[in-house]
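Structure first, then comments.
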């Protein structure tokens, strides 16, 4: 989900697919903090998510203007990861050792008529040892299945999008092998 959603969003905005696909792996970079036993802390704090990319943006703006769009994409991919993890993120780590969480919920019911309920839970909780994470969550599987169904329903459009994506990937590999 961390890789798929921001990439699809940027491609839907018709940004340069080569640049988007080249930088897309940065969307999962914050999860490497799990290697150090600090999952959703070290790589999810404001320092690697805001401070370092903002420094890159400033540098690109004043010293390397040709890097500016790529710097914005770096910022977007890193920030999107934290937004998707708002179920519990130690954003102010190492200064605050607690996780911020934002947990909205929508419940639908058809008992005695249609009823919809919206809940919102947010606040701080102790930093939990997240351990390792699954490669593919239930939601991630559902999104992939939904994407496959959409591809079947919209075959011509999906084929054209896949062809464009593959051409962009081939172009990236051709540049690397030069």
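The values are calculated or read from the model by the stated rules, or taken from the named source; none is laboratory data. Since the structure is predicted, the reported quantities are computational estimates derived from the model, not experimental observations. Ideal geometry is used to build each Cβ from the backbone, glycine not excepted, and the neighbour counts take in all protein chains shown.
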Inset, instruction - Test residue 85 against the criterion of being more than 30 Å from residue 171 (Cα to Cα) and free of Cβ contacts under 8 Å to residues at least 24 places away in the same chain, and give yes or no. - result: no
Inset, instruction - Name the one entry in 70, 79 that is over 16 Å from residue 44 (Cβ atoms) and touching a residue at least 24 places away in the same chain (Cβ under 8 Å). - result: 70
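Can you say whether residue 158 is touching a helix residue (DSSP H, G or I) at 6+ places or on another chain (Cβ under 7 Å), at pLDDT below 80 and either in a loop (DSSP other than H, G, I, E, B) or not assigned by TED's automatic domain parsing to the domain that holds residue 42 (or both), as far as the supplied structure shows?
Details: touching a helix residue (DSSP H, G or I) at 6+ places or on another chain (Cβ under 7 Å): yes; at pLDDT below 80: yes; either in a loop (DSSP other than H, G, I, E, B) or not assigned by TED's automatic domain parsing to the domain that holds residue 42 (or both): yes.
Here the answer is yes, as residue 158 does meet what is asked.
Could you pull out the residue among 57, 92 that is surrounded by 11 or more Cβ atoms within 10 Å (Cβ to Cβ), within 27 Å of residue 14 (Cβ to Cβ) and assigned by TED's automatic domain parsing to the domain that holds residue 34?
Step by step, each of 57, 92 is checked, and only 57 is surrounded by 11 or more Cβ atoms within 10 Å (Cβ to Cβ), within 27 Å of residue 14 (Cβ to Cβ) and assigned by TED's automatic domain parsing to the domain that holds residue 34.
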Legend entry - From the options 100, 68, 95, residue that is assigned to a loop (DSSP other than H, G, I, E, B) and farther than 19 Å from residue 5 by Cα: 95
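Please find, within the stretch 1-54, the residue that is nearest to residue 93 (Cα to Cα) out of those that are in a loop (DSSP other than H, G, I, E, B) and free of Cβ contacts under 8 Å to residues at least 40 places away in the same chain. Please lay out each step first, then the result.
To start, the set of residues in the stretch 1-54 that are in a loop (DSSP other than H, G, I, E, B) comprises 1-3, 13-16, 37-45.
Among the residues that remain, those that are also free of Cβ contacts under 8 Å to residues at least 40 places away in the same chain are: 3, 13-14, 43.
On the way: 3: 24, 13: 33, 14: 35, 43: 9 Å.
Among residues in the stretch 1-54 that are in a loop (DSSP other than H, G, I, E, B) and free of Cβ contacts under 8 Å to residues at least 40 places away in the same chain, the one nearest to residue 93 (Cα to Cα) is 43.
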Inset, instruction - With the condition kept exactly as written, say whether any residue in the stretch 127-134 is modelled with pLDDT under 85 and within 30 Å of residue 19 (Cβ to Cβ). - result: yes
